[in-house]
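Below is one structure, written out as structure tokens, with a few remarks after it.
The values are calculated or read from the model by the stated rules, or taken from the named source; none is laboratory data. Here the structure is a predicted model, which means the values were calculated and not measured. A quick note on method: Cβ atoms are made from the backbone with ideal geometry, for glycine too, and the neighbour counts reach across all protein chains shown.
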Amino acid sequence: MISKAAGIATLLLATVTSVAAQEQVLNLYSARHYSTDEALYSNFTKATGIKINRVDADDAGILARLKAEGSASPADVILLVDAARLYKGEVDGLFKPVKSKLLDDAIPAQYRSAATPEGTSWFGLSTRARVIVYDKVKVKREDVDTYEELADPKNKGKVCLRSGSHPYNLSLFGAVLQHVGEQKTEAWLKGIVDNMARAPKGGDTDQIKAVGAGECQVAVSNSYYIARLLRSTAPEDKALMEKVGIVFPNQQSWGTHLNIAGGAVAKNSRNTANAVKFLEYLASAEAQNYFANGNNEWPTAKGVKVNNPALQAMSGGGDFKAETIPLAAVGGNTVKVQQMLDRVGFR
């Protein structure tokens, strides 16, 4: 009788173990906090049967958490919203390089980390432009149609920006460094400091509103903040966007700076196959439309287009010239840029 009970217990244990082994999961650490992304996760689960467990935090918080958790981290996929932070995660050894022909074919080389014999560490999945906004009454468009003009004496007392050390600005400054070199970049940053209407504060939307309120006349913002305001039905937002002009800088030279939201497989992932499958899904045409258009961004995957009236209105109804430098190189310039910011007093 005892032997029979033991046999039943063994059978039950084997059944439970088998069910647990068959349960497919994916642990996601995400810095994307956009409600439209929910459709991505549910559609992926429906298509694959893989359940997604998500932890939300900002880029810095996610990287700090990965470091603190070490080899005990349950994370499988990391989604971040800045090239410099993706680069930092790679340099700090927090990602697992992967080999995926689908991802390599879909995502242009400039939007992913440099390939190594082990594979690629991260992939850009959507882009956002860093554009200039200006007071249409007080400022001429041709006086702010390049990043260089942010430092021109003609714009003295007109410029407002968020903190220089914010990742969005660090990536822009890192791109300028890549284009013009260290000496010119530091002089440019000093010129921006000299032209500021007030000390840096707030986020990108605050800069746009400051232009509308006359606190300053020129500012810089990620394109999706502007698209949100353009799509808004609130009277105050409509009134604001009637006052503000938008320019995609450097159309006659290297092109407008793009930053990315991107993904990577966590170094200690226990569900690596599922993680790669999820990143490959995010590069599909269907997912790219949710991923990019849902937050007013542009897709990175080759051949994928989105129909977003706000983005079309912002760029004059057509395409714009974007810079083509590798964003991995931009991330690598972060430390040098931060040192420059300290020297010129850009907080």
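Of all residues in the range 279-308, count the ones that are over 15 Å from the mean Cα position of the chain (by Cα), within 25 Å of VAL133 (Cα to Cα) and in contact (Cβ under 8 Å) with a residue 40 or more places away in the chain. Residues flagged as over 15 Å from the mean Cα position of the chain (by Cα), within 25 Å of VAL133 (Cα to Cα) and in contact (Cβ under 8 Å) with a residue 40 or more places away in the chain within the range 279-308 amount to 1. Any chance you could count how many residues in the range 132-158 are free of Cβ contacts under 8 Å to residues at least 40 places away in the same chain and assigned to a loop (DSSP other than H, G, I, E, B)? Going through the range 132-158 one residue at a time, the tally reaches 2.
Scan the range 151-208 for residues that are among the basic types (Lys, Arg) and under 18 Å from the mean Cα position of the chain (by Cα) and the total you get is 1. Looking across the range 291-310, the residues that are surrounded by 22 or more Cβ atoms within 10 Å (Cβ to Cβ) and either outside the structural domain of PHE44 (by TED's automatic domain parsing) or in a helix (DSSP H, G or I) (or both) come down to PHE291, ALA292. Restricted to helices (runs of 4 or more DSSP H) entirely inside the range 189-257, those with at least 2 residues that are in contact with a strand residue (DSSP E or B) (Cβ under 8 Å, 6 or more places away or on another chain) are 204-213, 223-231.
Is it the case that VAL330 is closer than 20 Å to VAL81 by Cβ, in contact (Cβ under 8 Å) with a residue 60 or more places away in the chain, crowded, with 20+ Cβ neighbours inside 10 Å and of a type in the set (A, V, I, L, M, F, W, C)? Criteria met by VAL330.
Go through the range 91-131 and report how many residues are assigned to a strand (DSSP E or B) and out of contact with any strand residue (DSSP E or B) (no Cβ under 9 Å at 6 or more places or on another chain). Of the residues in that region, 1 qualify.
When each of ARG130, ARG112, ARG85 is tested for being surrounded by 16 or more Cβ atoms within 10 Å (Cβ to Cβ) and in contact with a His (Cβ under 6 Å, 6 or more places away or on another chain), the lone residue that passes is ARG130.
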